[in-house]
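Worksheet: one structure, shown below.
The values are calculated or read from the model by the stated rules, or taken from the named source; none is laboratory data. All figures in this text were calculated on a predicted structure; none of them were measured in a lab. Here the Cβ is made from the backbone with ideal geometry for all residues, glycine too, and neighbour counts use every protein chain on show. Each accessible area value is taken on the protein alone, full model and side chains, heavy atoms only, with ligands, DNA and RNA left out. Shrake-Rupley method; radii C 1.70, N 1.55, O 1.52, S 1.80 Å.
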There are 2 protein chains.
Amino acid sequence: MTTIGEFELIERWFTRAPRRAALGVGDDCALIAPAPGHELAVSTDLLIEGRHFLSTVDPERLGHKALAVNLSDLAACGASPVAYTLGLALPYVDERFLDGFARGLHALADAHAIDLVGGDTTRGPLAIAITVFGEVPVGTALRRSGARAGDTVWVSGRLGDARLALEAFRGTVDLGHALARVRRAMETPDPRVALGVALRGLATSAIDVSDGFIGDLAHVLRASSVGATIDVDALPRSADLRAQPVALQRLCTLAGGDDYELVFTAPAAMAQRVQEAAATGDVAVSAVGRIEAHTGLRLVDARGDEVSERHAAFDHFRA
Amino acid sequence: MTTIGEFELIERWFTRAPRRAALGVGDDCALIAPAPGHELAVSTDLLIEGRHFLSTVDPERLGHKALAVNLSDLAACGASPVAYTLGLALPYVDERFLDGFARGLHALADAHAIDLVGGDTTRGPLAIAITVFGEVPVGTALRRSGARAGDTVWVSGRLGDARLALEAFRGTVDLGHALARVRRAMETPDPRVALGVALRGLATSAIDVSDGFIGDLAHVLRASSVGATIDVDALPRSADLRAQPVALQRLCTLAGGDDYELVFTAPAAMAQRVQEAAATGDVAVSAVGRIEAHTGLRLVDARGDEVSERHAAFDHFRA
C-alpha cells in the first residue's frame, strides 16, 4: 500500500491523450459525437471479484477481459467501438495490480483504436464497471429481434473452452497441459468486433454468448417470436474439448457461458456472404441450425435424434 | 432472500418503456442519437457501500442519490440529460431494498424525463455504477478551463450541510432536530441541471462540488491557469450550519464534499444575467470571490483578512 491518492492514480495509470473524443479524462463529462448519419451504441458491464473472475487472475488478463466483454456487446450490435469509461473500486492502491490491469486494458483499447474518456476510482471491494460506446449507421444495428423462419443459425469461433477451464479450476476435470490453452479462452476472449461490423445488413439477428449458447439463443428466439432446431454436434469446439466425455462437451458448449462468440442468423441463401464476412472478421463461422416458425428450442444430434439434455443459462443470482 | 433470477430482477425493477432512446433495456446495446448539432456528454460514477453511503441509508434516498451525483456532472457541463445505464451488484435479491432503490431512482429519472437504457446486475458487495448521457449543442459545453482574471466566482445553493450531517453521524456534533434537515442535503442532493443549461454561453467555467469547495475550485484554477481570492464568509450556508462554531462552519463549507452544487465563473459585468439564469434554475446563487491572474487560492474573511485554514479535498484513497 502506498500513499498515492485518487487523482494521482488516475493521472498515472488511466490518463492518455485522446484519439478522437472532444475531451478526455479530466473534465466533469466526456463529449462524444457520433459520425454524421450514425447513432451511438452503448453497453455497460459490472465485473465483481469472485463472480466474474478469480482472485488469482493475472491483472493484465483481467484488464483485457473487462474491456473485451463490453466490446463483445458492441460486436453483437454491429457497432464500431469509439470510446469507453471505467469505474474501478480497489481495496487499496496496489501498484503491481494497476500496472498489469492498465497494460491489458490499454493494449486491447489500442487494438480497437478507442479512448478511455472518463471514469471514477474509489476504495472498495474489487469491482470494475466499464461502459463502452460504439457507432453504427442509423438503422443498421444488429438486434435480437430479426430472426425469421428459414434463417440459418451461425456461431463464430468455438464454444465451451472457457467453461472447460472453469471446470478444471473447480477440480472436476484434469486437463494437464491443455489447461494453459483453454484458460486463454476464459481469460482473454477476443471480441468479434470486425465480424459484427461485417454482418451489418446481412445478419437478421445477433447476440454475443456470455451466459451460455442456449440461454443467449433463447433471447433471440423470444425477441423474434420464432423457434429453432440446433444440431448440438455441429457446435464448434476445440480439440481439447473434443477429448472430453460427450456429456461434458455438451455442458460446455450448450451452457458454458463466458464464450464471447457471436450467435447470429442470416437467410439460408446468404451462406456465401456470411463466409466472406467471417473472412473479414478473421474468424471461422459454423452453421449450427435453422430458425423455424414453431416456437421453442429443439436440440438434435448429428443423426437428427432429439437430445434430451436441459441446460440452464448462467444466472449471476442463481449460480 | 428469494429465488428471483437476474433476468426477472431486471424485468421487475428496471424495465420501463423508453421515452426517447432507440432501444431500451434488453438488447446487447442501447442506441442513442444526440439531436442534430449536439454532442453527447457522458459521465460515470461508482458508488460503494461504506465509502459513498452508509449501510443504514434509506434505499429510496440511495436510488435518488446514485443518479443525482451523475446528473450533477452533466449540470457542470451544461448538458441536458437524455438517458442512463445502471450496473448494480447486490449481496442477494433484497426485495425491500430493490423496491425502495428503484422508486428513488425512477422518481429522479422521471423528474428529468430520462430513460434507463441498459445495465447489468450481479451478485456481489453492494456497488452502484451509473453512466449518464446528456446532450449539449456542439461547442457550448461548460468546461473547467475557461476562467479568466476579473471573472466573479459563483456558488449555487448552500454548502456544507452534507458534511455537517456526516459529522453528526460520526458523533462529533449533536444536531438534535436539525439532523433531519441537514441529512436531506447529504442523502437527496438536487442536481443543478436547469442552472447548468441556463449558464451555457454565460459561465466561463464550471464544476460541481463533490470533493469539497476548495478542492473542486482548485481543479478549475489549474485547468484555467489562474488564481482566485475567495471570501469564506460569503460562502452560502444554512441556518443550521450558521448555528455551529466558526471552525466547523469553515470545515463544512470549504472542504465538506458531497454538496453537488455548481461552482462557476462569469465575467463581472454579467452578474444580472447570472441572476436570471439562477431564477431559471430555481436556485439562489452567491458571488463568493474573484478570479485573478496570479495563480493560487487566497482565502479571506468578510473584513478582507487572510484566513489561514488549510482544508484538503476529499480523496477516496486517502480519507
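Brief remarks follow.
- Residue within region A:55-68 that is closer than 19 Å to residue A:102 by Cβ, away from chain B (no Cβ under 11 Å), in contact with a Pro (Cβ under 6 Å, 6 or more places away or on another chain) and part of a helix (DSSP H, G or I) present: yes
- Taking the criterion of being out of contact with any Asp or Glu (no Cβ under 7 Å at 6 or more places or on another chain), among the aliphatic types (A, V, I, L, M), buried (at least 24 other Cβ atoms within 10 Å of the Cβ) and within 13 Å of chain A (Cβ to nearest Cβ), the residues of region B:200-219 that qualify are B:203, B:206.
- Meets criteria (away from chain B (no Cβ under 11 Å), among the charged types (D, E, K, R) and in contact (Cβ under 8 Å) with a residue 40 or more places away in the chain) for residue A:115: yes
- Scan region A:113-132 for residues that are in a strand (DSSP E or B), closer than 24 Å to residue B:52 by Cβ and not polar (S, T, N, Q) and the total you get is 11.
- One residue alone among A:97, A:101 is open to solvent by less than 10 Å² (accessible area, probe 1.4 Å) and in a helix (DSSP H, G or I), and that residue is A:101.
- Some residue of region B:157-179 being open to solvent by less than 10 Å² (accessible area, probe 1.4 Å) and among the β-branched types (Val, Ile, Thr): no
- For residue A:153, the conditions (1) of a type in the set (A, V, I, L, M); (2) modelled with pLDDT of 95 or more; (3) over 18 Å from residue A:212 (Cβ atoms) are fulfilled apart from (3).
- Given (1) buried (at least 20 other Cβ atoms within 10 Å of the Cβ); (2) within 27 Å of residue B:80 (Cβ to Cβ), number of the condition residue A:37 does not satisfy: (1)
- Among the residues of region B:35-51, the one identified as part of a loop (DSSP other than H, G, I, E, B) and facing chain A (nearest Cβ under 7 Å) is B:51.
- Against the list (1) within 14 Å of another protein chain (Cβ to nearest Cβ); (2) small (Gly, Ala, Ser); (3) crowded, with 19+ Cβ neighbours inside 10 Å, the condition residue A:289 fails is (1).
- Matching residues in region A:235-249 - criterion: being open to solvent by 10 Å² or more (accessible area, probe 1.4 Å) and under 15 Å from residue A:209 (Cβ atoms): A:236, A:237
- Some residue of region A:77-93 being at negative phi, surrounded by fewer than 24 Cβ atoms within 10 Å (Cβ to Cβ) and assigned to a helix (DSSP H, G or I): no
- Unique match (being hydrophobic (A, V, I, L, M, F, W, C) and at pLDDT below 95) among A:241, A:251: A:251
- Check on residue B:134, facing another protein chain (nearest Cβ under 9 Å) and open to solvent by 20 Å² or more (accessible area, probe 1.4 Å): no
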